[in-house]
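Working notes, beginning with the structure itself.
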Amino acid sequence: MSQDHGTRAIIAAMSANLGIALTKLVAWLLTSSSSMLAESIHSLADTSNQIMMLIGGRRAERKPDDLHPFGYGRSRYIAAFLVSIVLFSLGGLFALYEAFHKFTHPEPITSWQWVPVVVLLVSCALEGRSLWVAIHSAHASRGDVSLVQYVRQSRAPEIPVILMEDLAALTGLAVALVGVSLTLVTGDGRWDAVGSGVIGLLLVLVALVLATEVGSMLIGESATPAIQQAARAALEDSSGEIRGVVSLETLHTGPESLLIAARVAVDPQAGGADIARALDEAEARVRAAVPLESVIYLEPDLQIP
């Protein structure tokens, strides 16, 4: 996935969430609905998350320097990890607190009663549009894998994060709609509090999943199996001095940048100049086969174990 697809999805989601957040805040001020407050904080958290991801994307574009010789690509992972923290603390924990407060001190919705329903229905439409943009952006790079596999396997964090946020948002809106509707029908404000609590648990769960996936990227993940297979096939594609691949290690230094280190078996009778030429040719084949910006280190060995 190119970073352009991710940026397009981020901007679409940020625009939708900012408008939704302001609308929900107005609805909360008119009705004092707990679910509306939880949902407005959720949307504000999502908006701040997308701003952080845009900043991370800009930082990742900086050129390598002496202090960071492999570049700044992991800035995008740091931004995505901060997203999970904000979603957990500002979104999930606040919604749970609000749910506890309103459940112990329930208040019915007595004014502007149908405003929350209208706001939630409009919000569903806007979030659905944002989710459609994210799915469309993911389609360009996920191939035949399912969306679940794509979220787990993708080395670029933006689209998976937006997908999970939008799915959580749509689910939260449905829950809020049920809670508000039951409060309006029964006059019992505890239903509104239950809706806020479910939203909080949902956000905490999504934040933990995001933290686990992005945390793995921060620690350092290898290339996908398809990329590793392509690199190995390129190294083995030789009838000259290179006889095979002894070992191959890969590490993502950013979503679109890769470190490749390999030991290759060479003809023990070949001269130094011939081996150097063969390694240069092998490196060129790997660069042609791997669609990522790669730093490649090849070490000659005498035999395949």
How much length is gained on full extension from ALA273 to THR186, taking 0.36 nm per residue of separation minus their Cα-Cα distance? 22.8 nm
CD proxy at 222 nm, helix term only [per DSSP H run n ≥ 4: -39500 (n - 2.57); per residue of the chain; nearest 500]: -23000 deg cm²/dmol
Taking H as built 1.01 Å from N, whose amide H comes closer than 5 Å to the amide H of GLU221, not counting residues under 5 places away? HIS252
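Report the FRET efficiency, 1/(1 + (r/R0)^6), for ARG129 and LEU205, where r is their Cβ-Cβ distance and R0 is 35 Å, rounded to 0.05. Don't skip to the end; give the middle numbers.
Values: r = 24 Å, r/R0 = 0.69.
Computed FRET efficiency for ARG129 and LEU205: 0.90.
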Relative contact order computed over the stretch 117-211 (Cα-Cα under 8 Å; 6+ residues apart), in percent: 29 percent
Fewest to most Cβ atoms within 10 Å: THR224, THR253 sort as THR224, THR253
For the stretch 190-305, whose charge dipole is built from +1 on Lys and Arg Cβ atoms and -1 on Asp and Glu Cβ atoms, the candidate among SER222, ILE260, ALA234 with its Cα farthest towards the positive end is SER222
For the stretch 225-301, what is the relative contact order in percent, using Cα pairs closer than 8 Å and at least 6 residues apart in sequence? 37 percent
Based on the Cβ-Cβ distance of GLN113 and LEU93, what FRET efficiency does E = 1/(1 + (r/R0)^6) give at R0 = 30 Å, to the nearest 0.05? 0.55
Within the stretch 1-106, which GluC sites (Glu not before Pro) sit in a loop by DSSP and count at most 16 neighbouring Cβ atoms inside 10 Å? GLU61
Just to check I understand the Karplus step: with θ = phi - 60° and J = 6.51 cos²θ - 1.76 cosθ + 1.60, what whole-Hz values come out for the stretch 18-24, glycine and proline as x? 5, x, 5, 4, 5, 5, 5
Dipole-positive endmost among TRP191, ILE10, LEU54 within the chain (Cβ charges, Cα centre): TRP191
Most exposed to least, judged by fewest other Cβ atoms within 10 Å, LEU203, LEU248, LEU235 sort to LEU248, LEU235, LEU203
What's the FRET efficiency of LEU22 with ARG62 using the Cβ-Cβ distance as r and R₀ = 41 Å, to the nearest 0.05? 0.80
LEU147 to VAL122: extension gain in nm, 0.36 nm per residue of separation minus the Cα-Cα distance? 6.4 nm
Given (1) 32, 61, 8, 0; (2) 31, 42, 20, 7, 0; (3) 30, 49, 20, 1, the label whose value is P(r) over Cα pairs in 20 Å bins from 0, in percent derived from this model: (2)
Contour minus end-to-end for GLU293 and SER247, with contour as 0.36 nm per residue of separation and end-to-end as the Cα-Cα distance? 14.5 nm
Under a crude label model (7 Å from the Cα following the beta-carbon direction), how far is LEU170 from ALA226 in nanometres? 2.4 nm
So the angle from the long Cα axis of helix 75-86 to the longest Cα principal axis of the chain, reported in degrees to the nearest 10, equals 30 degrees
For the chain, what is the relative contact order in percent, using Cα pairs closer than 8 Å and at least 6 residues apart in sequence? 21 percent
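Values in this text are rule-based calculations from the coordinates and carry no lab data. All of these numbers come straight from a predicted model, not from anything done at the bench. Methodologically, a virtual Cβ is constructed for each residue, glycine included, from the backbone with ideal geometry; neighbour enumeration extends over all protein chains shown.
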